[in-house]
Amino acid sequence: MSAVSERESIPPAAPAAACPLCDARQVRPSWLGSIHFNGRVFPYLECGTCGSLFCQPMPDAEVLQEIYGREYFNAADAAPEDQVAEESNPVVSWLRRRPEAPGTFIDYGCRKGTLLVAARKLNWQAIGVELDPEVAAKTERRTGARVVIPDDPRSTLRSRTYSIWET
């Protein structure tokens, strides 16, 4: 008896992940681990060519809204002061080690902008991305960094080249 009957179909292998920034296929698991949300896992990968970090699979728009909606921002308000301990924060340490530093740092789901502030202190151009327009406006006022909403036709994010893409 074979492990797979003739009537059962074997799902096709998933295509190799490509970096959304440079389209390279030399990717590896990232030191950031994974996002775990509602029983689903979204692993972070690191591009071996440009060094950007991204989730694969990327959560769809509905899941992103659940993860990074207004409740995400409000949870930060309830937390104690959100200073980044720069010595122990892995993203800040990673920014310090980047060979192209300083460059442009894009933080998806930037919340209150703690990483944006830390990146700016390291002379990176910091750009935040938020799904909720109200959260984006508050974070922009709080940090002085540019915070955009995905698919906003006024955004110029897609027309430029970036050195770091953190999701």
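The values are calculated or read from the model by the stated rules, or taken from the named source; none is laboratory data. Keep in mind it's a predicted model, so treat the numbers as computed, not measured. Please note: Cβ atoms are built from the backbone with ideal geometry, for glycine as well, and neighbour counts cover all protein chains shown. All accessible areas refer to the heavy atoms of the entire protein, side chains included, with ligands and DNA or RNA removed. Shrake-Rupley method; radii C 1.70, N 1.55, O 1.52, S 1.80 Å.
If you go through segment 90-149 and keep only what is aromatic (Phe, Trp, Tyr) and out of contact with any strand residue (DSSP E or B) (no Cβ under 6 Å at 6 or more places or on another chain), you end up with just TRP94. Checking the conditions here, which among GLU86, GLU81, GLU100 is in contact with a Gly (Cβ under 9 Å, 6 or more places away or on another chain), part of a loop (DSSP other than H, G, I, E, B), surrounded by fewer than 16 Cβ atoms within 10 Å (Cβ to Cβ) and modelled with pLDDT under 85? Of GLU86, GLU81, GLU100, the one residue that is in contact with a Gly (Cβ under 9 Å, 6 or more places away or on another chain), part of a loop (DSSP other than H, G, I, E, B), surrounded by fewer than 16 Cβ atoms within 10 Å (Cβ to Cβ) and modelled with pLDDT under 85 is GLU100. Looking for something over 30 Å from GLU100 (Cβ atoms) and either among the polar types (S, T, N, Q) or modelled with pLDDT of 80 or more (or both) - is there at least one such residue anywhere in segment 6-23? Taking every residue of segment 6-23 in turn, at least one turns out to be over 30 Å from GLU100 (Cβ atoms) and either among the polar types (S, T, N, Q) or modelled with pLDDT of 80 or more (or both). Would segment 64-73 turn up any residue that is in contact with a Gly (Cβ under 6 Å, 6 or more places away or on another chain), modelled with pLDDT under 85 and buried (at least 17 other Cβ atoms within 10 Å of the Cβ)? Yes, because at least one residue in segment 64-73 is in contact with a Gly (Cβ under 6 Å, 6 or more places away or on another chain), modelled with pLDDT under 85 and buried (at least 17 other Cβ atoms within 10 Å of the Cβ). Considering segment 24-58, the residues that are among the β-branched types (Val, Ile, Thr) and either touching a Gly at 6+ places or on another chain (Cβ under 8 Å) or free of Cβ contacts under 8 Å to residues at least 12 places away in the same chain (or both) include one that is surrounded by the most Cβ atoms within 10 Å (Cβ to Cβ), namely VAL27. For beta carbons closer than 6 Å, sequence separation of 6+ or different chains, a first residue in segment 127-139 that is on the phi > 0 side of the Ramachandran plot and open to solvent by 40 Å² or more (accessible area, probe 1.4 Å) and a second that is modelled with pLDDT of 90 or more and basic (Lys, Arg), there are no qualifying pairs. Against the conditions (1) in a loop (DSSP other than H, G, I, E, B); (2) modelled with pLDDT of 80 or more, PHE54 satisfies every one except (1).
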